[in-house]
Every structure is written in C-alpha cells, then in structure tokens.
1. Is it the case that ALA297 is small (Gly, Ala, Ser) and surrounded by 15 or more Cβ atoms within 10 Å (Cβ to Cβ)?
2. Taking into account only those residues within segment 165-219 that are open to solvent by 70 Å² or more (accessible area, probe 1.4 Å) and modelled with pLDDT of 80 or more, which is farthest from THR140 (Cα to Cα)?
3. Among the residues of segment 120-138, what is the count of those that are modelled with pLDDT of 90 or more and among the charged types (D, E, K, R)?
4. Inside segment 228-248, can you point out the residues that are within 25 Å of the chain's Cα centre (by Cα) and open to solvent by 100 Å² or more (accessible area, probe 1.4 Å)?
Amino acid sequence: MAAILILAILAFSALAHGQPPEPSSPSAPALASAQAVVPNDMGAVEAAPDTPDDAREAQEIKARGPVGFRGLPWGAAAAGHPDLEYLYGAGEVAYYRRTGDNLEIGEVRLKDILYGFYRDSFFHVQMRAREPGDIAALRTAYAAKYGPPLENVTSLDENYLWSWPQAQIALDRDILEDSLSIGYTHLPGVERMRAEAPDPVPGDPVFLRPGIAVYARRPPPDGFGGIPFGAHVADLRDMEYLFVHKDVRHYRRAGETRRIGGIVVDDEVYSFRDDKLFYVILVIKHPAPGDFERLRAAYEAKYGAFATVSPGVSEHLVWSWPAAAVVLIRYRDTGNLEICYVYTPVLRDGENRMIESALGAMAKKTFGDSVLVKP
C-alpha cells in the first residue's frame, strides 16, 4: 500500500504545481458479552480468566501482543509447515493458505485467512470477514483480550488498532467497499522487508489492503482545516474551483492564508473524488534553512515516529493509519516542501474501480484498435 500511496501523492503534487450508522450488534450472544468470550488466535472460543494464573497470563498477552498466529510463530519458515499451500507471490514475498484452517473467530465467519512470508520468514496475516457488521463483535472481543485500541471512526471507514513493540493488529471496516479485514503484522519483519526490498515493495497486492503497513500509534487526523475527510463539496462554503483532472476536482478556499509553526504556506489545494474530500496538499515554495527540520519535529510531536519512503530525488516522511496518511516531502533539487493529507477509503475506491474496469476489459477483450508496427 505504501508504494501505491506514494505514487498517488507524487501525481497530485505534480497537479498542484502546474495545472454511518453504528454497526449492528452481533446476533450471537457469546460474542456480545466481552466478559464471557475473547478471540482465540488458535481459532476457537476461550472463556475469560477464572484463576489468578489465568489472569496473569491474560495481562501478559495484553502487554506483549500476539507472538504469531494459531501456533505459527513470527519468523517461522513456510518450508517447515506442510499444511501451508502456496497462493500468490512476487519477488521475495509469498502468501499461503493453510489446509483445514478454521475460518471462524468465535461466531464470526471469515472469507479467507492468508499468511505472508518475506524470504520464507512469517511476518503477516490478513483475514477478511463475510459480514462487515461483524466489526462490533470483533471490536468487543479483541478489546477483551488485548485491551482498548486506538480508535478512528470517519464517515467512510471504521478502524481499530492495537500496537506493541513487536506486533500490531488492525481491524478495519471500509464502508465504501463494504468490507471488513483483520491484519496481524510482525513489525520487525516489516522493517526488515522495507530495508532490504526495492521500492515499490513486491508482493503487496491490492486485494490485501490495508495490507502491509506499520501504522502510527497516535490518533490520526480526521480531516484538515476544520473540514472532515469525506465531506461533500456542496456542503462547504468558500470553495473556489480550480480545475478537474480525470475524475478529481481541485479547489482552494477563498481568502485562506496559513502558517504552520510560523512557516508560511504558499498554496493549499483541496481535492475531491465523487465530490468527497480525500486529499489536501500544502506547498511551501521557498523554505528557510531549518524549516524542514522544524516541520518534522512538529509532526513527530503530534503523530510520533514516521517511516521514510522513496528517499531518492525527494525525501518522504510518512505517518500512516488504516484510513489516513500524512506525508512531509522535501524535494532535493528545488528545496521545496509539501505536506499531504490523504484519506485512503476514497483513494482505494477509485483504485478499485480502475482495477475492475481493467479486469472487465481483459475478460471481454474490449481493447482499442491495435497498431501494426513494421520492423
């Protein structure tokens, strides 16, 4: 996802330069009561702790997070587990299914469970649920086992994140896609992959999103400048239309001037797809010496540690969450700075439509006229 997100950021940067209802409660009373039931990563339902030893073990689980998934420890080699069936791979990353895997967490039925390996080292699990409304049951159950999550609920996405030094669990409901996913990630495995693999990282398929990511541990922005992500442009005042590119319309806010930590912002562009806000870019054309470092410190103070992506002709500092990202960019050739706020549910929806269109064209062979090139 990081690679696709950066491509989108770069595309919109170039344009800027020149041109829900509450989820229903689970029907199963067993999952409705967090006191009685917690999710067992082994695929069964386990009772809440009854003895002091059980209670101590439960506290240790909350403190350290998952050390693997269903008996498969982080870092294990796929070659040593004959029940793993190869599904998909690219470069050094491969995904497997498990023979006879239990597609249930308590009373919640899953569509699929995929196991990710980097250089034959287990680092990722991605599950997809059949009913998006099951998020209420899963949220309650995971909170009972792992403690309270970092919550982020927006108009188009509902997600919950549990983070530890070695692992994270992301529970994400995308309302536009009507989908629900659960991701387990071994953070040292992801950091190793990011350090060793080329960019874009191979083996990060779209259908696994939110997919491979290391999410920030502090709350994400829910919009920008008082405008919530996903807001409809018709409901906003003082928006001045700039231009349209493909299916995205770009606006400025009339009379808006902004400083960030005393640094003057030269331009602000608000981008809407299907009239929903999903992208904001702030441009600083002539930064003073030290401005980049001051901005980095300010964003680190607000959002915590960042990840560096694509440090070639430009330097990107990325803070990401299941439904949002903030990116601070420094262009090495010009010295210009940009700050991008991205709302990923709308971005994913647009990408999925392009993918569906491409797959439809392949299935129907509805390609344009070919051109014969003579040797």
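The values are calculated or read from the model by the stated rules, or taken from the named source; none is laboratory data. In this text the structure is predicted, and so the values were computed from the model without any measurement. Cβ atoms come from the backbone with ideal geometry, glycine included; neighbour counts cover every protein chain shown. The accessibility values were calculated without ligands, DNA or RNA, using every heavy atom of the protein model including side chains. Shrake-Rupley method; radii C 1.70, N 1.55, O 1.52, S 1.80 Å.
1. No: the conditions fail for ALA297.
2. Only one residue fits best here, namely ARG192.
3. The total comes to 1.
4. Residue satisfying the conditions is LYS246 alone.
Yes/no matrix, rows are residues, columns are (1) among the hydrophobic types (A, V, I, L, M, F, W, C); (2) out of contact with any Cys (no Cβ under 6 Å at 6 or more places or on another chain); (3) at pLDDT 90 or above:
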residue: ALA78; (1), (2), (3): yes, yes, yes
residue: HIS81; (1), (2), (3): no, yes, yes
residue: TYR88; (1), (2), (3): no, yes, no
residue: GLY91; (1), (2), (3): no, yes, no
residue: GLY100; (1), (2), (3): no, yes, no
residue: GLY106; (1), (2), (3): no, yes, no
residue: ARG109; (1), (2), (3): no, yes, no
residue: GLY116; (1), (2), (3): no, yes, yes
